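Structure first, then comments.
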Amino acid sequence: MARKALLHRLRPDGPREPDRRRPAAAGGADRGAAAAIHAAPVTTMAIASGRTFGAGADLFAACDHRIALAGASFAFPGPAFGLVLGTNRLASLVGRDRARATLLAGAEVPAAAALAAGLATATMAAEDTPAAIAVAAEAAARLDPATVAALHQRTSRAEDDADLAALVRSAARPGLKQRILDYRAAVAARGKS
């Protein structure tokens, strides 16, 4: 079973509980969730455990602090059924060639490899996360939201609007439902062998 990345919003007045609202509602309903998180005027943190894949991996990649717990892995299976999701953001983190190789292969990326590639910013045991959250929150407290937003905008190489347009175009191609069914059948068949 897939586990979702845990997202924390780090504010000047300290860390908040994980944001359980739909992320787009926090950053603008006209943009995708990952784009809203990526451009948020606050420092963000994702903590991944277990398998984090597809949109969950894209949300993870959108955050400032990206912690992969021991045993975490990441995968971007969308291309296997014709969806193009978060490609520019991934390329901005790990480089164009590595992003292409990851997306084309569809293989899982273990936590250590994610750290080495730049997808994760840290790996740690689950019991070490409260201290990491506290350190990140203290660092975030020194900047006001307008400054954080400006820094996010000026240091972003991801083209969120282009990524969203590519996702919409890929989802609009005829036969998506059948491609997903075929993908799921192939995954199930591999699991049985």
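What follows draws every value from the coordinates through simple rules; no lab data is involved. Because the structure is predicted, anything quoted here is derived from the model rather than measured. Heads up, the Cβs are rebuilt from the backbone with ideal geometry, glycines too, and the neighbour counts pull from every protein chain shown.
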Most packed first (mean Cβ within 10 Å per residue), the peptides 107-115, 174-182, 69-77, 38-46 order as 38-46, 69-77, 107-115, 174-182
Taking 0.36 nm per residue of separation between E159 and R179 and subtracting their Cα-Cα distance, the length gained on full extension comes to 4.6 nm
Scattering profile of the stretch 134-193 from the Debye formula, Cα beads only, expressed as log10 I(q)/I(0) at q = 0.22 Å⁻¹, is -0.92
Here, K192 and V168, labelled 7 Å along Cα→Cβ, have an inter-label distance in nm of 4.0 nm
Distance in nm between A139 and A125 label points, each 7 Å along Cα→Cβ, equals 2.2 nm
Checking rank on 95-103, 164-172, with mean other Cβ inside 10 Å and highest first, the result is 95-103, 164-172
For the stretch 50-58, Karplus-derived ³J(HN,Hα) couplings (6.51, -1.76, 1.60; θ = phi - 60°; whole Hz; x for glycine and proline) come out as x, 7, 10, 9, x, 4, x, 5, 5
Amide H neighbours of R51 at under 5 Å, excluding residues fewer than 5 places away on the same chain, with H built from the backbone geometry, are R3, S73
